[in-house]
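Asks: To start, I am sharing the structure in question, which I have written as structure tokens.
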Amino acid sequence: MPFEALDFYDVDSLLTDEERMVRDMVRDFVDNEVLPKIEHACRDGVFPDEWRVTLGEMGVLGAPLKGYGCPGLSYAAYGVICRELERGDSGLRSFASVQGSLAMYPIWDFGSEEQKNHYLPKMASGEWIGCFGLTEPDYGSNPGDMITRAEDMGDHYLLNGAKMWITNGSIAKVAVVWAKLDGVIRGFIVEDEDEGFSAPEMKGKHSLKASVTSELVFQDCKIPKDRILPGVKGLRGPFSCLNNARYGISWGAIGAAQACFDSAKEYSLSRIQFDHPIASYQLVQNKLSWMLREITKAQLLAYHLSQKKDAGDWIPEHISLAKMNNVDIALEIARVARDIHGANGILDEYPVMRHMANLESVKTYEGTHDIHNLILGRYITGIQSFTRDLS
Amino acid sequence: MKRLSWVNLDRRIYSRNVRDYMTIAVLLKQVPDTTAKIAVSGGRVDQSSVAKWSTSPYDEYALEYALQLKEAGGGDLVAITCGPDRSSKMLTDAAAVGVDSMLHVVADTSEMDSTQIQSILAAAIKHCGAEIILCGKQAADTNSGSTGPGVASLLGASCVGMVSEVGIEGDGFIAQRGISSGDERVVVSKPCLFTFDKGLTELRRPNVKGIMMAKKKVIESVSAGDLGVDLGESGVKINSHAPPPEKPPGQKFEGAESVPTVVAKLREEANVI
């Protein structure tokens, strides 16, 4: 059966014709080029390079950025792209999120004119892959205390430190790396062939298996002076990027949830137990109707947020709520879908366990579920609860 | 409805007067998607029940090869359809993959016969000044297969049917078509019309740039009357539609002891071994 995206309230009718055409384009790519290969890619632990090429050809990388060869689409279109990609696999959407929101966006917003002209066209076309180095082995939710340092050596910077959990790291030509220069967080553009830079791939993941995850290691890594991002200082830089990526995730999670719902619905209608389809039993119907309810709410939330993003009328807490809620329900939907599939749910014949394992990562990266709760808690009470003096 | 404009008239004259300028037309029909459920009500297909409409698949092959012809030989590619308002979506989709202009003859075709539709399409092609025409060998909904040959006849154009590929050959065009003994390659000069069987290359996917360009392209919307077509009385009446008979339920066999029964059924009932 062809995929029918659950859209109970016809939320997609609110999209423009152009946004729906973009949706159909990406959906076609996922149906014909991603889904036939995804399980194989997961087993091999690779991100197929032809997906990079096609994403570039479609012109969806850096979707909402304007100029410098970037598409200049609406945030609603960017959301739809993320949703359709993640219906295929969270690893695929992660590739696009990192490329567009975490690597291209900081160059686009904080880079010099020369940096924009040099990097963005080739990153928009997919020719150059980007990655984003913020998280460190000992500093995940607390990036402000990062150890990685940059030192001004007069005619160049010297970078020392290590980053971890970096999507696209080993396949990237361009790494946007955040490091402290004289105690202030700054962005640096590191290229794969820079002396003193290496990006070993992290192996053994049970999640996001069709995505490359790496460490970035800097040992007296020499960075030319013109590769610092001149337009931003402090955590505002990386957090601006994360806002865009988190926004995309709030849409992407819906795609994974739709895929799980679709599989659970089809399976429950065809699986016969006690002489009847299991879809005819009240316990299963209750699960399916709960999925429909949560997906519909998530769709409305994401769409309204897209309108606020496009209008420039948003605050980071809006994005925290959407990322946290939509990933949370997507993960729970994947778990319930696996349950409906019974033992078959653990096989890669069905997408549910793959999505479930992926979403465990998505719940954690780009601000953990708990951290987003704390962001909202601070918004409600005016009291930050991230840190305290326990001495 | 927009009346024939001087701009379009100019284009027609232009295409006639400039020897090397090539105008290609692709004829597209919007049909119920091949995955859509079809309901029959009162002896007629209930169009209001169709959840998804798409470009007829054979027309998509024609569109892909029309794009390739344009890329190889230059010129102007126009997509033409005759159908209700909803058909314009299909033209915008065609623009997103590279069609230069679109002509929509707005008409309720549900009660028209194929001769009437051929008359409209032939007039639309003349209106655009196209001398190379590509279309599907048949529409996925009616399967009549009459449009291409009928339009070619009205235009006095050479017609090559059931082709899988078309290219430029000297001053003319070469098409490949499957025949019972292998492949046949046919060379024709313009005016010519090709009807497409399954092509060797699927229709390309659009990209964001194409989608944004498509938004800026205006669909020229006309009526049959605007094109000077007098439809007259329909000569062919469809008596009724009926859904295909329901497939008998599948049979399930378990255990090694059922093998002889299964083999016998496959041999005697299914005739597959």
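The values are calculated or read from the model by the stated rules, or taken from the named source; none is laboratory data. None of the values given here were measured: they were computed from a predicted structure. As a convention, Cβ positions derive from the backbone with ideal geometry for all residues, glycine included, and neighbour counts pool all protein chains shown.
Asks: In this structure, does residue B:25 turn out to be part of a strand (DSSP E or B) and modelled with pLDDT of 50 or more?
Replies: The answer is yes for residue B:25.
Asks: Which of the numbered conditions does residue A:272 fail, given that it passes all the others? Conditions: (1) farther than 30 Å from residue A:329 by Cβ; (2) exposed (fewer than 14 other Cβ atoms within 10 Å of the Cβ).
Replies: (1)
Asks: Could you name every one of the helices (runs of 4 or more DSSP H) located completely within segment A:1-83 that has at least 1 residues being more than 19 Å from the chain's Cα centre (by Cα) and either among the aromatic types (Phe, Trp, Tyr) or within 13 Å of chain B (Cβ to nearest Cβ) (or both)?
Replies: Counting at least 1 such residues, we get A:17-29, A:49-58.
Asks: Within segment B:251-263, how many residues are among the small types (Gly, Ala, Ser) and exposed (fewer than 11 other Cβ atoms within 10 Å of the Cβ)?
Replies: 2
Asks: Just to be sure before I move on: is residue B:203 touching a helix residue (DSSP H, G or I) at 6+ places or on another chain (Cβ under 9 Å), surrounded by 13 or more Cβ atoms within 10 Å (Cβ to Cβ) and within 14 Å of another protein chain (Cβ to nearest Cβ) in the structure I sent?
Replies: Yes, satisfied.
Asks: Taking the options B:51, B:79, name whichever one is under 28 Å from residue B:126 (Cβ atoms), of a type in the set (A, V, I, L, M) and either part of a strand (DSSP E or B) or within 14 Å of chain A (Cβ to nearest Cβ) (or both).
Replies: Unique residue meeting the criteria: B:79.
Asks: For residue A:190, are the conditions met, namely being of a type in the set (A, V, I, L, M) and closer than 27 Å to residue A:309 by Cβ?
Replies: No: the conditions fail for residue A:190.
Asks: In segment B:83-114, what count of residues is obtained for those that are of a type in the set (D, E, K, R), more than 14 Å from chain A (Cβ to nearest Cβ) and under 25 Å from residue B:213 (Cβ atoms)?
Replies: So the answer is 1.
Asks: Quick one: which of B:129, B:75, B:178, B:161 is surrounded by fewer than 16 Cβ atoms within 10 Å (Cβ to Cβ) and either more than 30 Å from residue B:37 (Cβ to Cβ) or of a type in the set (A, V, I, L, M, F, W, C) (or both)?
Replies: B:178 is the lone residue from the list that is surrounded by fewer than 16 Cβ atoms within 10 Å (Cβ to Cβ) and either more than 30 Å from residue B:37 (Cβ to Cβ) or of a type in the set (A, V, I, L, M, F, W, C) (or both).
Residue by residue, here is whether (1) closer than 30 Å to residue A:22 by Cα; (2) at pLDDT below 95 holds:
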| residue | (1), (2) |
| --- | --- |
| B:159 | no, no |
| B:167 | no, yes |
| B:170 | no, yes |
| B:179 | no, yes |
| B:182 | no, yes |
| B:192 | no, no |
| B:202 | yes, yes |
| B:207 | yes, no |
| B:211 | yes, no |
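Asks: Looking at B:214, B:140, can you tell me which residue is of a type in the set (A, V, I, L, M), away from chain A (no Cβ under 14 Å) and either touching a strand residue (DSSP E or B) at 6+ places or on another chain (Cβ under 7 Å) or in contact (Cβ under 8 Å) with a residue 40 or more places away in the chain (or both)?
Replies: So the residue among B:214, B:140 that is of a type in the set (A, V, I, L, M), away from chain A (no Cβ under 14 Å) and either touching a strand residue (DSSP E or B) at 6+ places or on another chain (Cβ under 7 Å) or in contact (Cβ under 8 Å) with a residue 40 or more places away in the chain (or both) is B:140.
Asks: Please return the ranges of strands (runs of 3 or more DSSP E) entirely within segment B:175-232 where 1 or more residues are more than 20 Å from residue B:104 (Cα to Cα).
Replies: It comes to B:182-188, B:192-196.
Asks: Also: Sort through B:35, B:115 and tell me the only one that's under 16 Å from residue B:227 (Cα atoms) and either part of a helix (DSSP H, G or I) or out of contact with any helix residue (DSSP H, G or I) (no Cβ under 7 Å at 6 or more places or on another chain) (or both).
Replies: B:115
Asks: A follow-up question, please. With the structure loaded, tell me whether residue B:64 is within 13 Å of another protein chain (Cβ to nearest Cβ), modelled with pLDDT of 95 or more, closer than 16 Å to residue B:163 by Cβ and in a helix (DSSP H, G or I) or whether it fails that test.
Replies: no
Asks: Tell me, please, whether a residue that is within 14 Å of chain A (Cβ to nearest Cβ), surrounded by 13 or more Cβ atoms within 10 Å (Cβ to Cβ), touching a strand residue (DSSP E or B) at 6+ places or on another chain (Cβ under 9 Å) and charged (D, E, K, R) can be found in segment B:219-239.
Replies: No, that holds for no residue.
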